[in-house]
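Q: What follows is a structure written as structure tokens; I'll ask about it next.
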Amino acid sequence: MKIEDMIAANRADCSGCEACANICPKNCISMKRDAEGFAYPKIDHEVCIKCGRCEKVCPALNFKPTIPAELPEVFVTIHPDAKVRRHSSSGGTFTALSEIILNSGGIIFGAGFNENWHVVHTSAENLDELENLRGSKYVQSQIGYVYKRVKVELENGRQVLFSGTPCQCAGLKSFLVKDYDNLLTVDIICHGTPSPFIWENYIDYRAGGHDIARVNFRSKRFGWTNNHIEITFYDCGYYANGTNQDLYQYNFLHGIIERPSCHTCKFKFPNCKSDVTIGDAWGVQNFSPKFFDNRGTSLVIVHTAKGKNFLSKAKLAGQRVSFDVLPAHNPCFITPSIPDNRRQDFFRDLKNFPHLPIAVMQKYFHQNPNKVVPSGRNLKVEATQKFDAILRQFAKRREKNILFITPILNGNVINNFVGKILRDFKGSGGYIFQLQGGGKFILVDAFHPIIRLSGEMKLNSLRDLIENFHVTNIFVDRQINLSDGLKNFLENRNLPVKSFEVHK
Ligand SMILES: Cc1cc2nc3c(=O)[nH]c(=O)nc-3n(C[C@H](O)[C@H](O)[C@H](O)COP(=O)(O)OP(=O)(O)OC[C@H]3O[C@@H](n4cnc5c(N)ncnc54)[C@H](O)[C@@H]3O)c2cc1C
Ligand code: SF4
Ligand code: SF4
Ligand code: SF4
């Protein structure tokens, strides 16, 4: 299939990663904005030599789902320099990773502002230049020919850090074809990227003819958890407003103005292609309170050995946390954000009144300016379902998935017991079903407990566990008497029951 046919069939397939425009040997692909203000490739057929390279490079056309070898390690981190954290959206992890590359004479690529406050991918070769790449810009960044520049730097043997959205990292990886030891790729947990046309009109409107000195989408003046957009002027102070009170942020966070591909995003976990993913450690005060001071904490997900090596060298304080903080607090890592049901109307209005984008934004903003972001709840339910599906996939690949049925165990006993299982059954997936005390499942991966699910102590739920998680061996504590129904069920499944004792 050709890229133009793919886009004609479903615009949401194209993330606008620009890999096709970068690979074209005739430079005959230009990125043209549609009526919503998002860029899509347009081929000049007079110049095209039909080499097919644009089709081969497109990460959407060639999309194959990834099955991870194991669940990635997750950390909370903070940069020790208070100024760095003040200027970063989360815990300053992007800066800490960049510092390693810059110290070795390397170069950083990421999203920055140009002289008109439009968002573009650009580079930094020292800490002063890095300032422009620091901080989230909630707009789709224009890649331009940055992938080509990355390749030149890599071929020259320079250390390179490329940062961007997961679809941009996928675009770069696809463009480069081979792996480079001197490349570190860092993507972000991505809610989605709004229309550049909307942003550019918004920032002109806010400036009102005054010169802007700084734009900060995530000012921490009132704390990281209470962040707000802040635009500072050379001659007239600053504009600041909370996410639900600001015209632009409202439309963004309500899922009204993001790119269509963001709502069916192909590059969520486990399909991200980066070495490391960084995001906000929302909820850290509950699961890792030592790293909460309301000045910003990062969540870091490590996908490769290279990513782990860089993280271990980075100037960061932090600790490992469970993978299950992700579906609970940051579902966008796993599930695309849900479009608001007014999205279509918004862009229909914009198409009819392309010269009045601010009026269109105001129309939707005034419908309910103070409403709390509504999609979070649905998002969490969907993320939890997807997370369960990932765990099932993960469990399925293990040759042995062992189920232990035990009496209720207290914290110490369970820790010792889990430790013993991990030693004796290394490489197996394991589940502990505590048959008294409300029927708790504890799922154990090769190294550490990753999730606790509470379930009903019914035959049905045990049956579901055995079927869905592909249990292959069952051990039952001698203190437990299984019902005849359960024994029959297990016999029919050809699962002989072995006995053991937790308390010897
Ligand atoms: C559009 C967008 C949506 C996001 N959604 C979420 C979310 O739902 N949940 C969550 O936990 N975190 C989200 N993040 C990530 C978060 O806001 C921080 O960017 C991230 O945690 C890094 O913070 P830091 O303190 O390490 O470094 P910072 O210095 O704050 O991070 C800067 C990094 O972000 C990259 N970046 C900034 N803007 C863009 C852009 N427009 N396109 C591509 N790359 C960009 C830069 O290249 C750089 O690598 C999002 C970021 C963006 C840009
Ligand atoms: S087929 Fe080749 S020349 Fe034509 S647009 Fe695609 S990459 Fe360019
Ligand atoms: S390579 Fe990227 S920009 Fe080009 S068609 Fe594919 S998804 Fe769209
Ligand atoms: S949500 Fe997906 S498609 Fe949208 S910008 Fe992020 S990675 Fe790209």
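The values are calculated or read from the model by the stated rules, or taken from the named source; none is laboratory data. All values derive from a computational prediction rather than experimental measurement. Here the Cβ is made from the backbone with ideal geometry for all residues, glycine too, and neighbour counts use every protein chain on show.
Q: Just checking, how many residues over segment 151-169 are in a helix (DSSP H, G or I) and over 27 Å from ASN216 (Cα atoms)?
A: So in segment 151-169, the residues in a helix (DSSP H, G or I) come out as 151-155, 166-169.
With the extra rule that they be over 27 Å from ASN216 (Cα atoms), the set shrinks to 151-155.
Going through segment 151-169 one residue at a time, the tally reaches 5.
Q: In the set LYS266, LYS273, which member is more than 13 Å from CYS332 (Cα to Cα), touching a helix residue (DSSP H, G or I) at 6+ places or on another chain (Cβ under 9 Å) and part of a loop (DSSP other than H, G, I, E, B)? If you could, list the steps in order and put the result at the bottom.
A: Working: LYS266 fails: more than 13 Å from CYS332 (Cα to Cα).
Matching residue, one of LYS266, LYS273: LYS273.
Q: Test of understanding: among GLN249, GLN168, GLN245, which residue is within 15 Å of ligand 1 (Cβ to nearest atom) and farther than 30 Å from ASN22 by Cα? Reasoning before the result, please.
A: Working: GLN168 fails: farther than 30 Å from ASN22 by Cα; GLN245 fails: within 15 Å of ligand 1 (Cβ to nearest atom).
Being within 15 Å of ligand 1 (Cβ to nearest atom) and farther than 30 Å from ASN22 by Cα holds for just one of GLN249, GLN168, GLN245, which is GLN249.
Q: Determine whether LYS178 is in the same structural domain as ASN294 (by TED's automatic domain parsing), assigned to a helix (DSSP H, G or I), at pLDDT 95 or above and farther than 28 Å from PHE347 by Cβ.
A: Against the criterion (in the same structural domain as ASN294 (by TED's automatic domain parsing), assigned to a helix (DSSP H, G or I), at pLDDT 95 or above and farther than 28 Å from PHE347 by Cβ), LYS178 does not qualify.
Q: Still on this structure: Show the residue pairs meeting these rules: Cβ distance below 7 Å; 6+ apart or different chains; first residue within segment 1-29 and of a type in the set (D, E, K, R); second residue in a loop (DSSP other than H, G, I, E, B).
A: ASP13/ALA60; GLU18/ILE143; LYS26/VAL47; LYS26/CYS48; LYS26/ILE49
Q: Do the conditions hold for GLY171, that is, is it buried (at least 24 other Cβ atoms within 10 Å of the Cβ), within 12 Å of ligand 4 (Cβ to nearest atom) and either free of Cβ contacts under 8 Å to residues at least 60 places away in the same chain or not assigned by TED's automatic domain parsing to the domain that holds ILE257 (or both)?
A: no
Q: Restricted to segment 31-40, and to residues that are closer than 19 Å to GLU55 by Cβ and surrounded by 13 or more Cβ atoms within 10 Å (Cβ to Cβ), which residue is nearest to ligand 1 (Cβ to nearest atom)?
A: Here is the first cut: in segment 31-40, the ones closer than 19 Å to GLU55 by Cβ are 31-32, 39-40.
From what's left, surrounded by 13 or more Cβ atoms within 10 Å (Cβ to Cβ): 31, 39-40.
Details: MET31: 15, ALA39: 13, TYR40: 17 Å.
Going through the qualifying residues, I end up with ALA39.
Q: Separate question: Could you grab me the full set of residues in segment 85-100 that are under 17 Å from TYR180 (Cβ atoms) and crowded, with 20+ Cβ neighbours inside 10 Å? Outline the logic, then answer.
A: To start, the set of residues in segment 85-100 that are under 17 Å from TYR180 (Cβ atoms) comprises 97, 100.
If the condition is that a residue be under 17 Å from TYR180 (Cβ atoms) and crowded, with 20+ Cβ neighbours inside 10 Å, then LEU97 is the only one that fits.
Q: Could you list all residues from segment 45-84 that are β-branched (Val, Ile, Thr) and either surrounded by 13 or more Cβ atoms within 10 Å (Cβ to Cβ) or at pLDDT below 95 (or both)?
A: VAL57, THR66, ILE67, VAL74, VAL76, THR77, ILE78, VAL84
Q: If we scan segment 128-149, do we find a residue that is touching a helix residue (DSSP H, G or I) at 6+ places or on another chain (Cβ under 8 Å), part of a strand (DSSP E or B) and of a type outside the set (Gly, Ala, Ser)?
A: Yes, some residue in segment 128-149 is touching a helix residue (DSSP H, G or I) at 6+ places or on another chain (Cβ under 8 Å), part of a strand (DSSP E or B) and of a type outside the set (Gly, Ala, Ser).
Q: A further question on this structure: Does segment 285-300 contain at least one residue that is in a strand (DSSP E or B), within 20 Å of the chain's Cα centre (by Cα) and among the β-branched types (Val, Ile, Thr)?
A: Yes; the residues of segment 285-300 include at least one that is in a strand (DSSP E or B), within 20 Å of the chain's Cα centre (by Cα) and among the β-branched types (Val, Ile, Thr).
Q: Additional query: Report the residue count in segment 208-221 for those that are free of Cβ contacts under 8 Å to residues at least 60 places away in the same chain and more than 14 Å from SER90 (Cα to Cα).
A: 6
Q: Only residues that are under 17 Å from GLN285 (Cα atoms) and either among the small types (Gly, Ala, Ser) or buried (at least 16 other Cβ atoms within 10 Å of the Cβ) (or both): list them for segment 301-339, please.
A: Of everything in segment 301-339, those that are under 17 Å from GLN285 (Cα atoms) and either among the small types (Gly, Ala, Ser) or buried (at least 16 other Cβ atoms within 10 Å of the Cβ) (or both) turn out to be ALA317, GLY318, VAL321, SER322, PHE323, ASP324, VAL325, LEU326, PRO327, ALA328, HIS329, ASN330.
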